[in-house]
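To keep things clear, I will list the structure first and then write my remarks on it.
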Amino acid sequence: MTSKARSPGPADPLLVTQKHHHRKAFEYISKALKIDEEDGRKDVAVELYRKGIAELEKGVAVQIRGQVGEPWDKARRLQDKMMTNLVMAQDRLEVLEKMLAMNHHSS
Amino acid sequence: NSSTLTTPQGQVDSLMQEVADEAGLDLNLDLPSAQSSAVGQSTASASASGEQDELSQRLAKLRQM
């Protein structure tokens, strides 16, 4: 890590906020994935995906453009990854919702 | 406000202490040290990116099923 420049980075409120939403999103989506992968209750997984998606949305909404320095570069990379997972989790949520709707009709 | 300017500092201090005592506050309370939280933050940021990667991989795997 190159830390020759100023080091106010990690403590900046914006970065702390972004990190907070990342953490919550990770917790929710990890739980959702575990249930989903082990073919557990899909309706529970759906709820957890929804909560995780809401946190990802808040996370990517944190305004970190135009800031200079390594912590901000890192934050932008994290933002990109959260954006990717936001799209992927939404896709998965849609699949599960369709699955649940079909099961509901057939029973 | 001239009355503010002429109030002796000692009187102000004792009044503040009095108010603080009533409210149950400790004026000399130290703020939590920034160091421990900064360390926690930097370790978290090192892994945050990796954690998002992990989610991507697992979501991609589910998509293939």
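The values are calculated or read from the model by the stated rules, or taken from the named source; none is laboratory data. Keep in mind the model is a prediction, meaning the values are calculated, not measured. We place every Cβ from the backbone using ideal geometry, glycine too, and count neighbours over all the protein chains shown. With ligands, DNA and RNA removed, areas are computed over all heavy atoms of the protein, side chains included. Shrake-Rupley method; radii C 1.70, N 1.55, O 1.52, S 1.80 Å.
Residue by residue, here is whether (1) in contact with a Leu (Cβ under 6 Å, 6 or more places away or on another chain); (2) modelled with pLDDT under 95; (3) within 10 Å of another protein chain (Cβ to nearest Cβ); (4) open to solvent by less than 70 Å² (accessible area, probe 1.4 Å) holds:
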residue	(1), (2), (3), (4)
A:13	no, yes, no, no
A:26	no, no, yes, yes
A:29	yes, no, yes, yes
A:38	no, no, no, no
A:51	no, no, no, no
A:59	no, no, yes, yes
A:63	no, yes, no, no
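From the list A:96, A:48, A:100, A:56, pick out the single residue that is among the aliphatic types (A, V, I, L, M) and within 17 Å of residue B:57 (Cα to Cα). Reasoning before the result, please.
Details: A:96 fails: within 17 Å of residue B:57 (Cα to Cα); A:48 fails: within 17 Å of residue B:57 (Cα to Cα); A:100 fails: within 17 Å of residue B:57 (Cα to Cα).
Unique residue meeting the criteria: A:56.
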